[in-house]
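What follows is a single structure, written as structure tokens, with notes after it.
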Amino acid sequence: MKNSGTKEKPKRIKDKREEDYISLSRHQVEHYKKEKDVLLNLSNDITKVRGKDDLVKVFSSRLKDYFYFTHTVISLINKKNGTYYPFLMDKASMHIRHRSELPSLLKMQFVIDDPFLTQVKDSEISAAFLLEDIINKPGIPAFLKVNYECGIKKAMIVKLKSKMEIIGHVLMYSDKTDSFPQDFKDILERIAPHLSNAVANIIINEEIEEKEKEKSILLSLSEEIAALRSREDLLYVVNTRIKTLFSVNEFGIAQINDDGVTYSAFVMDVTDSLKRVTGFEKVTSAKYNISDPLFSTILRSEEPIIFDIYKLAAKPGMPAFVHFWKDAGLKHVLTMRMHVGEKNVGCAYLHLGDNEAEKINFNLLKAVCAHLSVAISNILSNEQISKKHQEQTFLLEFSNDIARVRTKAELQAAIFKVLEKTLHIQLGMIQIIEDDGFNLYPFMYDTTLYDKAKSKSFFDEMVSKRVTINEYYTTKVLASEEGVIFNVDEEAATGNPYARLWKTTGFENMYALPLRTGSKNLGTIWLHANRLSELMVKGICSQISIAIANIQANEKLLAYKKQLEIENDYLKEQIKTIYNFSDIVGSGEEMQKVYHLMSLVAESNSTVLLLGETGTGKELIARAIHNASPRKEKLMVKVNCAALPPNLIESELFGHEKGAFTGAIERRIGKFELANNSTLFLDEIGEMPLETQVKLLRVLQERELERVGGRTTIKVDVRIIAATNRNLENEVKAGRFRSDLYYRLNVFPITLPPLRNRTEDVEALANFFLSRYCKNSGKNITAISAKCIQELKSYTWPGNVRELEHLIERSILLTQGNVLNEIQLPKSPDDATANDLNTSNKTLDELERTYIIEVLKRCSGKISGRGGAAAVLGTPATTLHSKMKKLNIVKADYF
């Protein structure tokens, strides 16, 4: 009996241990299953979030299904001033939602090194702690005290990182001391990268929306401002648009007067209560010296300045209106210098109350003031012209015609009508200074004038010559204030080459006048006339100059609009196919080499040449390099050299001027200009025609280009990434590709491996495409069978990743169940790899051995069965075993 009892006791202990082990294993399985479910649900929820306010709500509500806590706040770090502030929160769950301090707390910023955030400073990702342990420490933030007073007992902080930098924190709160167990911390730490990406995307989207909003506002506002012709129009725009735009009650503009030493009110829109203050009429109608301390400070600054009116009034030498503002109870004034080019026009000012400065978008204010400066300059010019020439019917008619001009053709019609029919003057030529500020080009001339004189060939010869601002007669005209009068007979006697043309017109004099807006030279105008009064000369030149400046400004605006449209098209295309490193699937040795090379070259400006077969993902790699480069803030521009006709590729790359060739009805910006300060991806570079290769080489070497039909050199800063599936060395030897261009492009080559050399990545790629196209097609296929995976690994993939992608898409559409069991592989196996074997110096046995090893590698060592090497080779498995033994093939050869 004793022996029997002794044997039973160890057995019971053993059974008990097995039961405990089984119970512990079940608990671990349940724990991991719960963690997986939470992470999967949270990840899916975060992925679906589009609105800023939804992120915390979705995050909190999902976590509360599994764990207890009261509320969540996501804070962001302001690196400029070393503070953090609340960014997203679930107000409805906050214990302090009814506290009166909440609105002010949400606007505050707190120092990063306070006792609260210090709790997580030394932690890798997160830290949880009781508030009572730190609440009495010096420097504790106000929001934490209020939470503690409202019953919050425990807090947890999780770091949010983006690109290895901390961008903010997830702040979790609970009114229980046993909250935030370890499994909760584990889940938060694992979901933190997803939250970081979501927060980063929200910030980027907000910035994009803000910029697009600013662009839309400026485009809309610029059209209204460009049409302004009077102070009344400007006052209407100020009242209806600008005051509303900046949420202010009072907006005014002060102008610098004609004497250049005083300034006075130009337009103002203020409240009726301010108008009723004693002294309003006096201070608003007076003139003030531009050298006073306030105005001179404004003119020296390129940025908006906010002044405290009480502090201003205490300083000596201040203009009278500052004391008027103080007496009227105004507290702050925001000022902005207004200028056109280097010429000061005046300043804009906005009266602000306490804390209203935070609402002002300073960049938008600067842009609006720039438009207003041009409008004021135009208004003042129009006023001066009207005042000086109001009694002259000719100039009034001319002014009315010019005012309607928006194009070169309209300007030409107006000039010819007035000059020839009214003044009996004929236009010789208008020459305009190009954007380089050195060369001049013929902007407008009367083609019939020299036809009548039978001097067309000589005229064409003179027109074709390049004229610069240093040319003798041009320099003389541009240096003059009132223009130069050339007597035709006298000039002919001196040997002036132009006088030969002038003499044939029958006019006594040639009036050469500078065209200017402000102090800026636009070009020269040459008029044939016998007599021309100074008044008429000034009127003609002033109006034509303004018209040309408006045309140029309009052309630039249209070009900018066109560029925005092109960039918008690129942005839409990029949004459709958003590429990032997560889309590059593959962790094998071959791809690791590619990743290493990408990391080496991404930060530089070096030219990259992507080589590889078709379908290996060259564009994906190009976008990844761009997105990891300092140029990532701008769009990468792509050009498919194979998709463009040879006669259009030059225009597509370098752009063209209006009229450069048949069908060029407007100026077009080329891809190089569009990619300025960004990256240009030249896909299929091997297909580029030889004549275009020459011009591309020049742009790459000189970093400058000329549009087709243009004469102006344009500097560009473009990083080139080229790609081809051709062997460029062979193309160079065959004379189809320039060697000098090849060496210029082959600075940093990256060869992408074909899929047949990446069998270890086939399964990951297949699952990636399965997930993508199941979402697109609405199917619920959860897995690919092992048999199919083996078949995919055995295939040689002549079309590489692109072929795999389309094959998976097709197979998904043909599959009915939840598992992909059939792959529609092409019936004829690709033998590209076999063809690459070096057969020149090998025996038949050596060739057979090499081929069998290659097939075994593709089949992952599987010999028999479907997808095995025997099936691929078309031989029985027993025969293959015999051959392997005969040829001494062992596992080490194919594993």
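Quick look at the numbers
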| item | result |
| --- | --- |
| Sorted peptide list for 710-721, 401-412, criterion being average Cβ within 10 angstrom, highest first | 710-721, 401-412 |
| 12 Å beta-carbon shell around Pro193, net charge (K/R +1, D/E -1) | +3 |
| Where a label projected 7 Å from the Cα of Ile166 along Cα→Cβ would reach, residues of region 78-116 with amide N under 18 Å | 78-88, 109-116 |
| Highest to lowest packing among 337-343, 636-642, 659-665, scored as the average C-beta count within 10 Å | 636-642, 337-343, 659-665 |
| Mean Cβ neighbour count within 10 Å, used as a protection proxy, ranking 667-678, 56-67 highest first | 667-678, 56-67 |
| Estimated inter-spin distance, Glu281 and Ser882, nm [label 7 Å along Cα→Cβ] | 12.2 nm |
| Overall form of the chain per C-alpha gyration tensor (a/c, 1.5; a/b vs b/c) | oblate |
| Considering only the chain, percent of DSSP beta bridges that pair antiparallel, nearest 5 | 80 percent |
| Whole-Hz ³J(HN,Hα) from phi, Karplus 6.51 cos²θ - 1.76 cosθ + 1.60, for region 549-559, glycine and proline x | 4, 5, 5, 4, 5, 5, 5, 5, 5, 5, 5 |
| Extension gain from Thr468 to Ser123, taking 0.36 nm per residue of separation minus the Cα-Cα distance | 117.4 nm |
| For Ile167, distant residues with modelled amide H under 5 Å away | Leu160, Lys161, Ser162 |
| Theoretical ellipticity at 222 nm over the chain - DSSP helices of four or more residues, -39500 (n - 2.57) apiece, nearest 500 | -15000 deg cm²/dmol |
| Dipole magnitude (debye, nearest 20) for the chain, charges at Cβ of Lys, Arg, Asp, Glu | 2540 debye |
| Net length gained if the chain between Leu130 and Tyr441 were fully extended (0.36 nm per residue, minus Cα distance) | 104.2 nm |
| Long-range HN-HN contacts of Leu752 with modeled amide H, under 5 Å | Leu611, Gly612 |
| From phi via Karplus (6.51, -1.76, 1.60), per-residue ³J(HN,Hα) for region 201-206 in Hz, x at Gly/Pro | 5, 4, 4, 4, 4, 5 |
| Relative contact order for region 453-554, counting Cα pairs under 8 Å that sit 6 or more residues apart, in percent | 22 percent |
| Estimated inter-spin distance, Thr713 and Lys417, nm [label 7 Å along Cα→Cβ] | 4.2 nm |
| Extension gain (nm, one decimal) between Ser247 and Lys343, 0.36 nm per residue minus Cα-Cα | 31.7 nm |
| Percent antiparallel among DSSP beta bridges (both partners in region 643-771, rounded to 5) | 40 percent |
| Assigned charges on the beta-carbon of Lys, Arg, Asp, Glu; region 260-331 dipole about Cα centre (debye) | 220 debye |
| FRET efficiency, Lys787 to Glu555 (Cβ-Cβ, R0 60 Å, nearest 0.05) | 0.40 |
| Residues with amide H under 5 Å from that of Ala675, placed H, sequence gap 5 or more | none |
| Inter-label distance for Asp893 and Glu603, nm, one decimal - labels placed 7 Å from Cα along Cα-to-Cβ | 4.7 nm |
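Every number in this text was worked out from the coordinates using simple rules, so none of it is lab data. Computed from a prediction, not measured in an experiment: that's the story for all the values here. Here Cβ is always computed from backbone atoms with ideal geometry, including for glycine, and neighbour counts include all displayed protein chains.
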